[in-house]
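Have a look at the structure below before the remarks.
The values are calculated or read from the model by the stated rules, or taken from the named source; none is laboratory data. Just so it is clear, the structure is predicted and the values come from calculations on it, not from any experiment. Here the Cβ positions follow ideal geometry from the backbone for every residue, glycine too, while neighbour counts run over all protein chains shown. Only protein heavy atoms, including side chains, enter the accessible area calculation; ligands, DNA and RNA are left aside. Shrake-Rupley method; radii C 1.70, N 1.55, O 1.52, S 1.80 Å.
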Amino acid sequence: QVQLVESGGGLVQPGGSLRLSCAASGIISSINAMGWYRQAPGKQRELVATTGGGRTNYADSVKGRFTISRDNAKNTVYLQMNSLKPEDTAVYYCNALIGTFVNTVYWGQGTQVTVSS
């Protein structure tokens, strides 16, 4: 059983910063990729950033403002969010692809990020 636990969400003013963390625990064979997605009210869940296989990928809307990083020793992925905008307000979900031969997708419970003055 694998669990992903997110932390670091909260309320921040426009232009501010937050750092999200997501730690994977349980029986983990191989973490092939980790990433962050978000879902705003009334909208579909969308990709924010992913990292895996030596590559990172960002949504156009966050390029230059958000940075994804990973600590393999801690099975943890981070999302540093700078220059936050009201449109970044959403529930942020951690995602991991884990497996030796076949990937299984795991999701965290989500953490709320609200950008408002």
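Remarks
- Among residues that are over 15 Å from the mean Cα position of the chain (by Cα), open to solvent by 60 Å² or more (accessible area, probe 1.4 Å) and of a type in the set (A, V, I, L, M, F, W, C), Val115 is not included.
- Boolean, Ser69 is open to solvent by 20 Å² or more (accessible area, probe 1.4 Å), polar (S, T, N, Q), at pLDDT 95 or above and on the phi < 0 side of the Ramachandran plot: yes
- Meets criteria (over 21 Å from Leu4 (Cα atoms), open to solvent by 60 Å² or more (accessible area, probe 1.4 Å) and of a type outside the set (Val, Ile, Thr)) for Glu87: yes
- Qualifying residue in the range 57-66 (condition: in contact with a helix residue (DSSP H, G or I) (Cβ under 7 Å, 6 or more places away or on another chain), of a type in the set (A, V, I, L, M) and closer than 16 Å to Leu18 by Cβ): no
- Residue in the range 14-24 that is free of Cβ contacts under 8 Å to residues at least 60 places away in the same chain and within 13 Å of Gln109 (Cβ to Cβ) present: yes
- Val113 vs. criteria part of a loop (DSSP other than H, G, I, E, B), in contact with a helix residue (DSSP H, G or I) (Cβ under 9 Å, 6 or more places away or on another chain) and under 19 Å from Val12 (Cα atoms): no
- Residue in the range 41-51 that is in contact with a Phe, Trp or Tyr (Cβ under 6 Å, 6 or more places away or on another chain) and hydroxyl-bearing (Ser, Thr, Tyr) present: no
- Output for the range 1-59, where each listed residue is part of a loop (DSSP other than H, G, I, E, B), open to solvent by less than 50 Å² (accessible area, probe 1.4 Å) and more than 15 Å from Leu79 (Cβ to Cβ): Ile28, Ser30, Ala40
- Number of the exception - Val62 against (1) over 18 Å from Val12 (Cα atoms); (2) in a loop (DSSP other than H, G, I, E, B): (1)
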